[in-house]
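To start, the structure under review is shown below, and the notes come after it.
Each value in this text was obtained by applying a stated rule to the coordinates, not by laboratory testing. Remember, predicted model here, so these are calculated numbers, not experimental data. Cβ: placed from backbone, ideal geometry, glycine included. Neighbour counts: every protein chain shown.
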Amino acid sequence: MKKVVIAQKKVNQMNLNEQIEKIVKANGASFYGTETAQEDSNTIFRVYITKEGGVKLDLCADISHELSVFFDVNPPMHGAYFLEVSSPGIERKLENSTHFMSAINERVKFKINGGEKEKGIIKSADEKGFSIEKKGEEVRFEYCNISKAKTYYEWNKTK
């Protein structure tokens with residue numbers, strides 16, 4: 001008798017994100033990104049979603065349930081982890097052009113390669129870079145020159 005061994009194909013990170021995005025979109029939301037975090041001795045795999053009008057708890061629960069089934073077959077990482085599905089929040093990382101384009105008219109603070117820090121209100125964004133309003137004029141920055149960026153909220157001010 002011939003022995004047949006079936007090896008499970010590993011899902012690479014890009015393909016994993018594509019699959020996550022399909023599940024999120026099927027539930028009427030948009031996929032924002034993922035993050036792995038260590039809290040105490042627990043590893044947490046976070047999936048961030050957005051939706052026009054806001055993200056509700058029931059939506060997160062529905063997507064979490066569907067992702068759990070998918071991750072049983074295609075784990076996002078080795079070892080034990082907790083899955084969290086949530087909104088990226090009002091103060092969120094900006095990691096790609098889509099993130100910047102969705103944050104037009106929001107406050108952003110960022111670090112330029114080399115260490116200089118900037119902040120301002122995003123006035124425009126495209127595939128290559130973004131512009132902020134600084135002291136009454138627009139200043140352009142290319143993504144390739146930015147090492148870190150996030151939106152922020154000034155709790156005691158309005159836009």
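Computed values, structure above
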quantity: On Cα atoms only, tilt of 13-26 relative to the major axis of the chain in degrees; calculated: 80
quantity: Local electrostatic count, Asn96, Cβ distance below 15 Å [Lys/Arg +1, Asp/Glu -1]; calculated: -2
quantity: Among the listed pairs Lys56/Lys109; Lys25/Lys56; Lys123/Lys150; Lys56/Lys119, those beyond 22 Å (Cα-Cα); calculated: Lys56/Lys109; Lys56/Lys119
quantity: Size of electric dipole in the chain: Cβ of Lys, Arg +1 and of Asp, Glu -1, about Cα centre, debye, nearest 20; calculated: 300
quantity: Rounded Å value of the spacing that divides the Cα centres of the range 86-159 and the range 13-45; calculated: 23
quantity: Gyration tensor verdict on the range 30-115 (Cα atoms; rounded if a/c is under 1.5, prolate if a/b is larger than b/c, oblate otherwise); calculated: oblate
quantity: Over the chain: helical MRE at 222 nm, DSSP H runs n ≥ 4 each giving -39500 (n - 2.57), nearest 500; calculated: -7000 deg cm²/dmol
quantity: Acute angle (nearest 10 degrees) that the helix 57-73 long axis makes with the longest principal axis of the chain, alpha-carbon atoms; calculated: 50
quantity: Greater than 27 Å apart at Cα, pairs in Lys128/Lys148; Lys22/Lys134; Lys93/Lys134; Lys93/Lys128; calculated: Lys22/Lys134
quantity: Average Cα contact separation per residue, the chain, under 8 Å, 6 or more apart, as relative contact order %; calculated: 17
quantity: Estimated FRET transfer efficiency (Ser97, Met77; beta-carbon r; R0 30 Å; 0.05); calculated: 0.70
quantity: Of the GluC sites (Glu not before Pro) in the range 16-124, those whose Cβ has at most 10 other Cβ within 10 Å and which sit in DSSP loop; calculated: Glu52, Glu116
quantity: Neighbour-count ranking [beta-carbon atoms within 10 angstrom, fewest first] of Asp62, Asp72; calculated: Asp72, Asp62
